[in-house]
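> Sharing a structure with you now.
The values are calculated or read from the model by the stated rules, or taken from the named source; none is laboratory data. Fair warning: this is a prediction, and the values are worked out from it, not measured in the lab. Heads up, the Cβs are rebuilt from the backbone with ideal geometry, glycines too, and the neighbour counts pull from every protein chain shown. Keep in mind that these areas ignore ligands, DNA and RNA; they rest on the heavy atoms of the full protein, side chains included. Shrake-Rupley method; radii C 1.70, N 1.55, O 1.52, S 1.80 Å.
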Amino acid sequence: MVDKVTVEICMGTTCYVMGGAQLAGIAERLPEEWKDRVTVKGMRCVGACQQAGVYGRAPFVRVNDELIAEADEGKVMNAIRNLLDAE
């Protein structure tokens, strides 16, 4: 059972330019029933974009332990939904 979900958005230069800046406002667009269970914060570069063949392409977002490549709002919301619905 997942009580809290942590969303960490990479704020490294490449991720920021490739869409991380837009994802930073995702906390404001969460459904009301999720807002007390989801924490959104920035994270330092994890260097995943330097290993694009392994991890995929920027921007990167970590939702709990899952690293999401080419993250967009839909992918992040789905990852949160999957964790919260797994109860």
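> Please work out which residue is surrounded by the most Cβ atoms within 10 Å (Cβ to Cβ), limiting yourself to segment 60-70 and to residues that are charged (D, E, K, R) and free of Cβ contacts under 8 Å to residues at least 24 places away in the same chain.
Within segment 60-70, the first condition is being charged (D, E, K, R), and the residues that meet it are 62, 65-66, 70.
From the residues that got through so far, the ones that are free of Cβ contacts under 8 Å to residues at least 24 places away in the same chain too are 65-66, 70.
On the way: ASP65: 7, GLU66: 10, GLU70: 14.
Here the answer is GLU70.
> Next question. Considering only residues of segment 43-58 that are at pLDDT 90 or above and out of contact with any Ser or Thr (no Cβ under 8 Å at 6 or more places or on another chain), which is farthest from GLU8 (Cα to Cα)? It would help to see each step written out before you state the result.
Pass one, segment 43-58, residues at pLDDT 90 or above: 43-45, 57-58.
Narrowing the set further to residues that are out of contact with any Ser or Thr (no Cβ under 8 Å at 6 or more places or on another chain) leaves 43-44, 57.
Details: MET43: 6, ARG44: 9, ARG57: 16 Å.
Across segment 43-58, the extreme among qualifying residues is ARG57.
> In segment 33-40, is there at least one residue being surrounded by fewer than 13 Cβ atoms within 10 Å (Cβ to Cβ), touching a residue at least 24 places away in the same chain (Cβ under 8 Å) and not in a helix (DSSP H, G or I)? If you could, list the steps in order and put the result at the bottom.
Pass one, segment 33-40, residues surrounded by fewer than 13 Cβ atoms within 10 Å (Cβ to Cβ): 33, 35-36, 39.
From the residues that got through so far, the ones that are touching a residue at least 24 places away in the same chain (Cβ under 8 Å) too are 39.
Still in the list and also not in a helix (DSSP H, G or I): 39.
Yes, some residue in segment 33-40 is surrounded by fewer than 13 Cβ atoms within 10 Å (Cβ to Cβ), touching a residue at least 24 places away in the same chain (Cβ under 8 Å) and not in a helix (DSSP H, G or I).
> Could you say whether any residue in segment 9-17 is part of a strand (DSSP E or B), of a type in the set (Val, Ile, Thr), touching a helix residue (DSSP H, G or I) at 6+ places or on another chain (Cβ under 8 Å) and at pLDDT 95 or above? Before the answer, list the steps.
Taking segment 9-17 and keeping what is part of a strand (DSSP E or B), we get 9-10.
Imposing the further condition that a residue be of a type in the set (Val, Ile, Thr) reduces the set to 9.
Retained after the next criterion (residues that are touching a helix residue (DSSP H, G or I) at 6+ places or on another chain (Cβ under 8 Å)): 9.
From what's left, at pLDDT 95 or above: 9.
Yes, some residue in segment 9-17 is part of a strand (DSSP E or B), of a type in the set (Val, Ile, Thr), touching a helix residue (DSSP H, G or I) at 6+ places or on another chain (Cβ under 8 Å) and at pLDDT 95 or above.
> Only one of ARG62, ARG57, ARG81 is in a loop (DSSP other than H, G, I, E, B) and among the basic types (Lys, Arg). Can you tell me which?
Within the list ARG62, ARG57, ARG81, the selection yields ARG57.
> Let me ask something else about it. State whether one or more residues within segment 44-59 are out of contact with any His (no Cβ under 7 Å at 6 or more places or on another chain), surrounded by 16 or more Cβ atoms within 10 Å (Cβ to Cβ), under 22 Å from VAL2 (Cα atoms) and of a type in the set (A, V, I, L, M, F, W, C).
Scanning segment 44-59, I find no residue that is out of contact with any His (no Cβ under 7 Å at 6 or more places or on another chain), surrounded by 16 or more Cβ atoms within 10 Å (Cβ to Cβ), under 22 Å from VAL2 (Cα atoms) and of a type in the set (A, V, I, L, M, F, W, C), so the answer is no.
> In addition: Residues being in contact (Cβ under 8 Å) with a residue 40 or more places away in the chain and under 25 Å from ALA86 (Cβ atoms): count how many of those fall in segment 1-29.
11
> Checking GLN22 against (1) open to solvent by less than 30 Å² (accessible area, probe 1.4 Å); (2) on the phi < 0 side of the Ramachandran plot, only one condition comes out false. Which one?
(1)
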